[in-house]
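The values are calculated or read from the model by the stated rules, or taken from the named source; none is laboratory data. This one's a predicted model, so the numbers in the text were calculated from it and none came from an experiment. Here the Cβ positions follow ideal geometry from the backbone for every residue, glycine too, while neighbour counts run over all protein chains shown. In case anyone asks, the SASA skips ligands and DNA or RNA and just uses the protein heavy atoms, side chains included. Shrake-Rupley method; radii C 1.70, N 1.55, O 1.52, S 1.80 Å.
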Amino acid sequence: MQAFRTAATVIDGLSDDQLDLKIGTNTLEGLKGVGPTTAAVVVQAHKGQVPDYLTTLEANLAELVPLADDVAEFRAALKGDLHTHSDWSDGGSPIREMAEAAMALGHEYMALTDHSPRLTVANGLSPERLEKQLDIVATLNEELAPFRILTGIEVDINVDGSLDQTDELLGRLDVVVASVHSDLRADAASMTARMLAAIADPHTDVLGHCTGRLVIGRRQRNGTQRPRPESQFDAEAVFGACVQFGTAVEINSRPERLDPPKRLLRQAAEMGCEFAIDTDAHAPGQLDWQGNGCQRAVECGVDPDRVVNTWSAERLLDWTS
Ligand SMILES: [Zn+2]
Ligand SMILES: [Zn+2]
């Protein structure tokens, strides 16, 4: 890239006539910073053509992120994201920047789901801070309409299965994602009971990253986390409860999570669960990760109409309330 910049500065210094002469006499390559590749780009661009170099570059880039047609179609059906973080908890960006990035993706809504109080390592929101956040979201929504920031939380599922926020506040939120973040190595019976209690809670709308696995390590501000195995639980009981209580199973698109694993995703789909394909974005660029989840949804036979974030905001809010 630097080579092109140097060449561009040199070429920029030439008059049109000088450039025509250089091209006509095939002497571009003698100029500082201009080699055969750059010279070919300059000649084609000067003729008003798209340089072959650029065409090849674009083709190679497209190959790096192939989205099959059915996956692309699935993704295009998503109207929003139900799991995102801002700098109020452990995200890196203000709420407005997250919302603007979601708008740029063509989304109609984004649930803002910062962490709950007990997740102190992630700067979880106390009831007071969450109240303050609700006011700010209300103001932002007036400005950003018709785009809508749905109020929400990623609430910790406590060890006893209760949720880590006041009942009153949970009742006021549009979207409640409930996730296990502690005691991930508990025995299957305890973990199942804990998850079942949270799924049955009338405030819970989405069960976040259900196995808690990390398929690759990751760096966080409080140190490096190594890959970790899935939590153990009775999947049939958990997904059965999700169907019974109308709790969507999250398909978490973060590259280090990709949770649930495909065998569990297939099982949940066969059992008739609803799903939310979420990014769990902690930065605006990460809102682009839904393709990962869509890829897995297609592979595991998930019907787009069972994915609650393909629904309009009205239908979604009807469902969550
Ligand atoms: Zn989480
Ligand atoms: Zn999260």
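Checked against the criterion of being among the hydrophobic types (A, V, I, L, M, F, W, C) and within 15 Å of ligand 2 (Cβ to nearest atom), the candidates Val215, Val159, Val121, Val137 yield just one match: Val121. Restricting region 263-291 to residues that are open to solvent by 10 Å² or more (accessible area, probe 1.4 Å) and among the acidic types (Asp, Glu) leaves a set whose member that is nearest to Asp81 (Cα to Cα) is Asp288. A single member of Cys242, Cys300, Cys294, Cys210 is farther than 22 Å from Val176 by Cβ and crowded, with 24+ Cβ neighbours inside 10 Å, and it is Cys294. Within region 165-172, one or more residues are over 23 Å from the mean Cα position of the chain (by Cα), buried (at least 20 other Cβ atoms within 10 Å of the Cβ) and within 15 Å of ligand 2 (Cβ to nearest atom).
All conditions in (1) surrounded by 20 or more Cβ atoms within 10 Å (Cβ to Cβ); (2) closer than 17 Å to Ala276 by Cβ hold for Phe233, with the sole exception of (2).
Away from ligand 1 (no atom under 14 Å from the Cβ), free of Cβ contacts under 8 Å to residues at least 40 places away in the same chain and over 24 Å from Glu236 (Cβ atoms): does that describe Ala145? It is true that Ala145 is away from ligand 1 (no atom under 14 Å from the Cβ), free of Cβ contacts under 8 Å to residues at least 40 places away in the same chain and over 24 Å from Glu236 (Cβ atoms).
Contact map, region 255-270: residues that are more than 16 Å from Gln232 (Cα to Cα) paired with residues that are aliphatic (A, V, I, L, M) and crowded, with 18+ Cβ neighbours inside 10 Å, Cβ distance under 7 Å, separation 6+ or inter-chain. Pairs shown: Glu256/Leu214; Ala269/Val302. Look at region 106-120: where a residue is in contact (Cβ under 8 Å) with a residue 12 or more places away in the chain and a partner is open to solvent by 40 Å² or more (accessible area, probe 1.4 Å) and away from ligand 1 (no atom under 13 Å from the Cβ), sitting 6+ places away or on another chain with Cβ atoms under 6 Å, you get Glu108/Lys79; Tyr109/Arg148; Asp114/Trp88. Does Val177 satisfy being within 16 Å of ligand 1 (Cβ to nearest atom), open to solvent by less than 10 Å² (accessible area, probe 1.4 Å) and not charged (D, E, K, R)? Yes, satisfied.
Inside region 1-54, counting only helices (runs of 4 or more DSSP H) that do not spill past its ends, which hold 1 or more residues that are at pLDDT 75 or above?
Numbers: elements: 2-12, 16-24, 36-46.
Result: 16-24.
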